[in-house]
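Q: Got a structure for you, questions after.
The values are calculated or read from the model by the stated rules, or taken from the named source; none is laboratory data. Every value quoted in this text rests on a predicted model; they were computed, and no experiment measured them. Please note that ligands, DNA and RNA were not included when accessible areas were found on the heavy atoms of the full protein model with its side chains. Shrake-Rupley method; radii C 1.70, N 1.55, O 1.52, S 1.80 Å.
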Amino acid sequence: HAPNMRVYANVVKPIGRGIHLTANNVDLYNNIIEPREKPNPEYPSTRTHGIKLEGPAKAQVHHNSCRVVAEEGFGDADPLDFDCPKYSANRVYKNTIEAIRHGEDHWATCINVIRAEPANLAVVHDNVFRTNHWHVRGDWGGMQGMLFADNRFEIIGQPQRYEFFALKQSTAAATQDMVFRDNRLIPPADYRKAHLLYAKRYTRANVDLTV
């Protein structure tokens, strides 16, 4: 949680979560991150974070390898998790991110956006994202103003109800001004695979993606 740190050359394989960034100007690079988190009294239904950016500004996350597996006895797979305030200007590049799903009880997504506020200025580029379930999940807070450019999206192993986008957000939230530009999708990865996880209180009118 300290600002202006360099975090590098670590192997992180805990029974628990991976690396959680909350401070500004942190440089995270050249790490191997493979966490596995079990349910516990605080989080009986949990997700396993690999790299989580929760409110930092000007973080640099690059040249890391992060792999999370969702399976019985452990949490959902969430190797790259974003919570991006306005003007935070975080940059994520040249990482290899894998989210693997075993079984029907959990989800696995390469990218999970809890919340991305307008004008957050996040840029995610030149990464490799591999999954057999979802590539991008939008959570309750909505996704706005992020740029995904020059990434490679792959499906690894046997697809399990694969979707590129899986969106679930509250009525007050919006998914807008999200730009996916010059990415390479390796078939059968497909932008058109979109699952909108709406109940009656959710609205399709608040979704706008540009690819």
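Q: Return the long-range amide H neighbours of Glu98 (sequence gap of 5 or more, or a different chain), with a cut-off of under 5 Å between placed amide H atoms.
A: Amide H to amide H, under 5 Å and 5 or more residues apart or across chains, Glu98 pairs with Cys66, Arg67, Val68, Arg130.
Q: Take the alpha carbon atoms of the stretch 83-165, find their radius of gyration, then divide it by 2.2 N^0.38 Å using N residues; give the quotient.
A: This ratio for the stretch 83-165 stands at 1.11.
Q: Expected output is a single nm value to one decimal: the length gained when fully extending between Asp177 and Ile32, i.e. 0.36 nm times separation in residues minus the C-alpha distance. What is it?
A: Between Asp177 and Ile32, full extension yields an extra 49.0 nm.
Q: Can you give me the accessible area per residue for the stretch 90-172, using a 1.4 Å probe, in Å²?
A: Accessible surface, normalised per residue, equals 34 Å².
Q: While we're looking at this one, here's another question. Take the Cα pairs of the stretch 40-134, get the Kirkwood Rh, then feed it into Stokes-Einstein at 20 °C and 1.002 mPa s and tell me D in µm²/s.
A: 157
Q: Within the set Lys13/Lys52; Lys52/Lys94; Lys13/Lys38; Lys38/Lys94; Lys13/Lys168; Lys94/Lys168, which residue pairs have Cα atoms separated by over 19 Å?
A: Where the Cα-Cα span goes over 19 Å, the pairs concerned are Lys38/Lys94; Lys13/Lys168; Lys94/Lys168.
Q: Could you sort Lys94, Lys52 by accessible area so the largest value comes first, with the probe set to 1.4 Å?
A: Greatest to least solvent exposure: Lys94, Lys52.
Q: Over the chain, what lengths in whole Å, largest first, do the semi-axes of the equivalent ellipsoid take, defined as the square roots of 5 times the eigenvalues of the alpha-carbon gyration tensor?
A: Its equivalent ellipsoid spans semi-axes of 23, 21, 18 Å.
Q: Determine the share of the chain's accessible area contributed by carbon and sulfur atoms, expressed in whole percent, with a 1.4 angstrom probe.
A: Of the solvent-accessible surface of the chain, carbon and sulfur hold 49 percent.
Q: Would you mind getting the accessible area per residue of the stretch 25-75, heavy atoms of the protein chains only, 1.4 Å probe, in Å²?
A: For the stretch 25-75, the per-residue accessible area is 44 Å².
Q: Right, next: Only Cα pairs within less than 10 Å get springs; with that Gaussian network setup on the chain, which residue of Gly73, Gly138, Gly50 has the largest fluctuation?
A: Of Gly73, Gly138, Gly50, the Gaussian network model singles out Gly73 as fluctuating most.
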